[in-house]
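The values are calculated or read from the model by the stated rules, or taken from the named source; none is laboratory data. On a predicted model such as this, the values are computed, not experimentally measured, just so you know. Using ideal geometry, Cβ is built from the backbone for each residue, glycine included, and neighbour counts are taken over all protein chains shown.
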Amino acid sequence: MTTDLIHTDATGLAELIRTGKASSVEVVQAHLDRIEATNPSINAIVTLADGALDAARAADEELAAGGKVGPLHGVPFTVKDSFDTAGVLTQRGSPIFEGRIPDTDATSVARMKRAGAILLAKTNLPEFAYWIESDNLLTGRTNNPWDLDRSCGGSSGGESADRLGTRSHRSRGRRNCEGSRRRPAASGDPGWCREHPGA
């Protein structure tokens, strides 16, 4: 079941949780286990969000109590470290922001949470998301999961490597400014091809 959980897309996970075929705790733990197993060599994840398992327990309790739930209730997601996350380290890959913990969420993060999703982790990027490879002075280089000696591109290389290596298909933060999606796609993750504007 753990393998299925890390390979199931967000809507599939939401359905499993909603129908009681899997708990949010099981889903979050499966992803945390996968991160622990794969991230040391890939370096896609730069910060784990404290309290993800507690949030998953609360999500399961809310569902069991018959509460109204959002479309992504209990589903974990990752966020590129250029996006603010309340109470979670957001350094933007820059020594200027080393140790910075914002008070509020970026709009996209807040929307994911309102939909019931649970912040799991932050992913690596070049400083200020402004380079063609995901490497910076604070958290280092993200490696391509297909070949650790190669780059995974940038600026969303951490998201791309996370998707391939830790199998997190639920992520926020890939804009297509200066190739943020196209370069990681060209480096080995065709799933990052750009969607239509407004999608």
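Condition (residue is of a type in the set (Asp, Glu) and farther than 16 Å from Ile17 by Cα) applied to region 116-129: is it met by at least one residue? Yes, there is a match, as at least one residue in region 116-129 is of a type in the set (Asp, Glu) and farther than 16 Å from Ile17 by Cα.
Might you let me know whether region 84-103 holds any residue that is under 20 Å from Val28 (Cβ atoms), in contact with a strand residue (DSSP E or B) (Cβ under 8 Å, 6 or more places away or on another chain), modelled with pLDDT under 95 and of a type in the set (Val, Ile, Thr)? Within region 84-103, not a single residue is under 20 Å from Val28 (Cβ atoms), in contact with a strand residue (DSSP E or B) (Cβ under 8 Å, 6 or more places away or on another chain), modelled with pLDDT under 95 and of a type in the set (Val, Ile, Thr). Scanning region 31-59 for residues that are more than 14 Å from the chain's Cα centre (by Cα) and modelled with pLDDT of 95 or more turns up Leu53, Asp54, Ala55, Ala56, Arg57, Ala58, Ala59.
Note on region 1-23: residues that are out of contact with any His (no Cβ under 8 Å at 6 or more places or on another chain), of a type outside the set (A, V, I, L, M, F, W, C), part of a helix (DSSP H, G or I) and modelled with pLDDT of 90 or more total 3.
Each residue in region 19-56 was checked for being surrounded by fewer than 16 Cβ atoms within 10 Å (Cβ to Cβ) and over 30 Å from Thr139 (Cα atoms), and 3 of them qualify.
Screening Glu26 against (1) over 16 Å from the mean Cα position of the chain (by Cα); (2) modelled with pLDDT under 95 leaves a single unmet condition, (2). When Lys68, Lys122 are checked against the criterion of being surrounded by fewer than 17 Cβ atoms within 10 Å (Cβ to Cβ), among the charged types (D, E, K, R) and either within 20 Å of Ile6 (Cα to Cα) or out of contact with any helix residue (DSSP H, G or I) (no Cβ under 8 Å at 6 or more places or on another chain) (or both), a single residue qualifies: Lys68. Taking into account only those residues within region 64-98 that are outside any loop (DSSP other than H, G, I, E, B) and touching a residue at least 12 places away in the same chain (Cβ under 8 Å), which is farthest from Leu125 (Cα to Cα)? Across region 64-98, the extreme among qualifying residues is Pro76. On the given criteria, is Thr142 at pLDDT 70 or above, among the polar types (S, T, N, Q) and either more than 10 Å from Ile42 (Cα to Cα) or surrounded by fewer than 24 Cβ atoms within 10 Å (Cβ to Cβ) (or both)? No: the conditions fail for Thr142.
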